[in-house]
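For reference, the structure discussed in these notes is given below.
The values are calculated or read from the model by the stated rules, or taken from the named source; none is laboratory data. This one's a predicted model, so the numbers in the text were calculated from it and none came from an experiment. Positions of Cβ are generated from backbone atoms using ideal geometry, with glycine treated the same way; all protein chains shown enter the neighbour counts. These accessible areas exclude ligands, DNA and RNA; they are computed on the full protein's heavy atoms, side chains included. Shrake-Rupley method; radii C 1.70, N 1.55, O 1.52, S 1.80 Å.
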Amino acid sequence: NINCIPPTSLNLEYGRQIETGNYGTVYEGKLNNTKVAIKVPKAGILPNELIVREITALLACRHKNIVRMFGAYTFDTACVLVFEFMSGGSLQNYLKDQRKAGLVPNTLVLMHIAFQIAEGMIYIENHNMVHRDLATRNILLGEKIDGIPIAKISDFGLARQLNDGGVYQMASDLALPARWYAPETFQTYEFTIQNDVWSFGVLLFEMFTFGNTPPKVRHNERLRKPQHCCEYIYNDIMMSCWKQEPALRPSFSFLRDTILGYLTDFF
Ligand code: ADP
């Protein structure tokens, strides 16, 4: 049962349309006077059993670095999703705006954002989930505190709960975000938290290249060090996420600690 906000007792007001995404249209709105984002699915996206199971898992997620889902309700057979409102838009747009403003990447701010994403991913890992679409387009920003925006992981469009072996078995590679995916994903069609770690490395690369789409790389190649990225972040953080052997990649806890160490040592 996903009528977590029963339509009858619903105090949901729709405001202006923000954007159209893959799932459907995103509106600004209010739920009992709290500002929210409302996602209304495109025609044809029906709440099948899989979506219902995912939504149930997401409703249970409570973490300061994960965009809170307040509720989901079925409406004309479609499933409308209600989220906490994030005033700063996506990290990708933030990076693109910085380029337009003629700024160079601010390593301190970016690493504080990376730290927050790692914190959210630790929660996801601890709850036996995977994200599967970790990229700057799926990080939303909130208010700034001392110049650092609050960052939260969103868009669990692909998020899945894992089986007992910590693996999610994919049906096919249709529409997968291949540039963010570890090479073995396309051999095994299995997705684990180590694959999210690979994507986290690609996300860091995006951060230092103003949110550009990363170039495609061959199986044994790696993305090159971005101009504005220091050797340490490239060699010790990004490259460690891209180790060929998934088991040798760092955990999100290790990444969080490494980023924290970097922030403490250099700033
Ligand atoms: P989809 O997953 O369907 O492609 P997204 O989740 O990427 O859609 O949302 C599209 C856009 O809508 C985002 O880039 C962002 O600008 C806006 N948006 C989505 N969720 C929120 C939110 N919780 N708060 C504020 N804006 C949001």
In this structure, among Lys35/Lys144; Lys39/Lys64; Lys152/Lys225; Lys144/Lys225; Lys64/Lys144, pairs with alpha-carbon gaps over 19 Å are Lys39/Lys64; Lys152/Lys225; Lys144/Lys225
Convex hull of segment 183-254 built on C-alpha atoms - directionally averaged projected area, nm²: 4.9
Along the Cα→Cβ direction, 7 angstrom out, place labels at His219 and Asp265. What is the inter-label distance in nm? 3.5
Taking a probe of 1.4 angstrom, what is the accessible area of Arg53 in Å², to the nearest 10? 150
May I ask you to give the average projected area over all directions of the convex hull of the Cα atoms of segment 58-157, in nm² rounded to one decimal? 7.3
Gap in Å between the Cα centre of segment 103-117 and the Cα centre of segment 204-225? 17
Compare the peptides 121-129, 217-225, 92-100, 18-26 by average per-residue count of other Cβ atoms within 10 angstrom and give them in order, highest first. 121-129, 92-100, 18-26, 217-225
Between Met239 and Thr56, 0.36 nm times their residue separation minus their Cα-Cα distance comes to what? 62.4 nm
